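Taking it in order: structure first as C-alpha cells, then the write-up.
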Amino acid sequence: MIKYLSIFLLGLTSFATSCGEGKQKEETKVEDGRILIEIPNMMGDSVYSFVEKQVAFGPRVPGSKAHAECAKWLESKFNSYGAKVTMQKFKADFHFGASAEAVNIIASINPEKSKRVMLSAHWDSRYVADKDKERKDEAILGADDGASGVAVLLEIARLIQQYPLDLGVDFVLFDAEDQGDEEILESWCLGSQYWANNFHIHNYRAKYGILLDMVGSKGARFVKENTSMAYAPSTMNKVWEVANELGYKNYFIDEESEGVIDDHYFINTILSGSIPTIDIINRPKNSRFGKYWHTHGDNMEVIDKRSLMAVGNVVTTVLYNESVGAF
Ligand SMILES: [Zn+2]
C-alpha cells in the first residue's frame with residue numbers, strides 16, 4: 001500500500017491559478033496558513049528492484065546485447081506507465097575509435113502541456129573499470145553509476161500514473177554518457193550532447209531540469225555542485241529546501257562543491273542555460289565519487305534503498321508542488 005507524505009507547500013497565493021482549468025478540485029486542507037497536499041511516497045522495494053533489473057542485464061555498453069535488451073525493457077516500462085516514449089537513435093563515435101548505435105530514451109507525461117519539467121539520468125554503463133586494480137578492461141555493472149538514477153525516474157513515472165499531476169514531465173535517459181576519457185571533455189555525455197543539439201521534438205522547452213547521477217549508494221552525500229549553481233541556483237536552493245523540510249538534510253548537504261562534467265554541463269552550456277539544469281550527484285568526503293566509482297565494486301552491494309528513496313521523495317515533492325504552482 002502506498003503511504004502519503006503530507007507536505008507543506010512553499011507558497012499560498014499561487015495555488016488559486018492552478019484550479020482554473022475545469023478539473024475537479026479536491027478539498028483544500030490548510031494548516032497554519034499553509035496548504036497541505038498529498039504526495040505519493042516512493043516504495044523502497046520497487047525502486048530497488050528497478051536497479052536490480054538493469055544490473056541483471058549486465059553492463060549496458062552501447063553496441064552490446066545487454067544494452068539492446070535493457071533499452072527494450074526501459075521502453076516497455078515507460079509505456080506501461082502511460083508515457084509517450086521516443087527512442088532517439090544516434091551514432092555514438094567514441095574517443096577510442098569505435099562507434100555504436102546509441103539511443104536516448106525519452107518518456108513524456110502529459111505531452112500536450114506547455115509547463116514542463118525535465119528529469120534525466122544516464123542509462124549506459126562504463127565500458128572499462130579503469131579505476132579498478134583488476135579486470136580494468138572489462139565493463140562495469142554500474143549499479144550506482146547509471147542504474148540508480150534511472151530507477152528513481154522509473155519509480156516516479158509509476159507514481160505519477162497512479163496519482164496524476166497537472167504538469168508535463170519528461171524523463172530523458174541519456175545514452176553514451178560514461179564511455180569517455182578524462183583528458184577529452186567532449187568524449188563524455190554523447191547522448192546529452194546529441195539531444196541538446198537535436199531535440200526530440202521541435203522547440204522543446206522545460207522550465208528547468210534535474211539530473212540524477214549516482215544517487216543510490218549507502219550514505220550518499222549530495223552537495224551543491226558548482227555548474228548547477230552557476231546555471232540554476234534558484235532551482236538548486238529550492239530542491240535543497242524541500243529536502244530539508246522532508247528531513248533529508250543528512251543527504252542534501254548545504255555546502256557548495258566544485259563543478260563536475262556530467263550531462264547537465266552539456267545541457268547548460270550547449271543550450272546557454274535555456275533549460276537550467278541541476279545535477280544531484282554523490283560527492284563523498286574522502287573520495288571523488290565513491291571508492292567503487294568506475295570499478296567492479298559498483299554493484300548491488302553499494303545500493304541502499306534509503307538513498308534512492310531520499311532522492312526520489314525529494315524530486316517527487318518538487319513535481320507535485322510544481323503542479324500546483326508552488327515550487
Ligand atoms: Zn561514470
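Within the range 280-292, identify whether any single residue is away from the ligand (no atom under 16 Å from the Cβ), buried (at least 20 other Cβ atoms within 10 Å of the Cβ), at pLDDT 95 or above and under 17 Å from the mean Cα position of the chain (by Cα), and answer yes or no.
Restricting attention to the range 280-292, the residues satisfying the condition of being away from the ligand (no atom under 16 Å from the Cβ) are 285-286.
Subsequent filtering for residues that are buried (at least 20 other Cβ atoms within 10 Å of the Cβ) retains none.
Checked the range 280-292: no residue is away from the ligand (no atom under 16 Å from the Cβ), buried (at least 20 other Cβ atoms within 10 Å of the Cβ), at pLDDT 95 or above and under 17 Å from the mean Cα position of the chain (by Cα).
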So is Asp262 closer than 22 Å to Ile140 by Cβ, within 16 Å of the ligand (Cβ to nearest atom) and touching a helix residue (DSSP H, G or I) at 6+ places or on another chain (Cβ under 7 Å) or not?
-> no
The residue from Ser287, Ser228 that alone is hydroxyl-bearing (Ser, Thr, Tyr) and without any contact (Cβ under 8 Å) to a residue 12 or more places away in the chain is Ser287
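Here's the yes/no breakdown for (1) closer than 21 Å to Asn79 by Cβ; (2) surrounded by 14 or more Cβ atoms within 10 Å (Cβ to Cβ); (3) within 16 Å of the ligand (Cβ to nearest atom); (4) in contact (Cβ under 8 Å) with a residue 40 or more places away in the chain:
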residue	(1), (2), (3), (4)
Lys91	no, no, no, no
Ala98	no, no, no, no
Ser108	yes, yes, no, yes
Pro111	yes, yes, no, yes
Val117	yes, yes, no, yes
Ser125	no, yes, yes, yes
Asp132	no, yes, yes, yes
Using the structure shown, decide if Ser187 is of a type in the set (Ser, Thr, Tyr) and over 21 Å from Ala98 (Cβ atoms).
-> no
Six or more apart or on different chains, Cβ under 7 Å: which pairs go from a residue in the range 137-163 that's over 15 Å from Val61 (Cα atoms) and among the aliphatic types (A, V, I, L, M) to one that's assigned to a helix (DSSP H, G or I) and within 13 Å of the ligand (Cβ to nearest atom)? Could you list them?
-> none
So which residues in the range 163-210 are in a loop (DSSP other than H, G, I, E, B), within 23 Å of Pro233 (Cβ to Cβ) and within 16 Å of the ligand (Cβ to nearest atom)?
-> Cys189
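Restricting to the range 197-238, and then to whatever is β-branched (Val, Ile, Thr) and closer than 16 Å to Phe289 by Cβ, can you tell me which residue is surrounded by the most Cβ atoms within 10 Å (Cβ to Cβ)?
Checked the range 197-238; the qualifying residue surrounded by the most Cβ atoms within 10 Å (Cβ to Cβ) is Val215.
The values are calculated or read from the model by the stated rules, or taken from the named source; none is laboratory data. If you're wondering where the values come from, they're calculated on a predicted model, not measured in any experiment. When we count neighbours, we look across all protein chains shown, and the Cβ atoms used for this are built from the backbone with ideal geometry, even at glycine.
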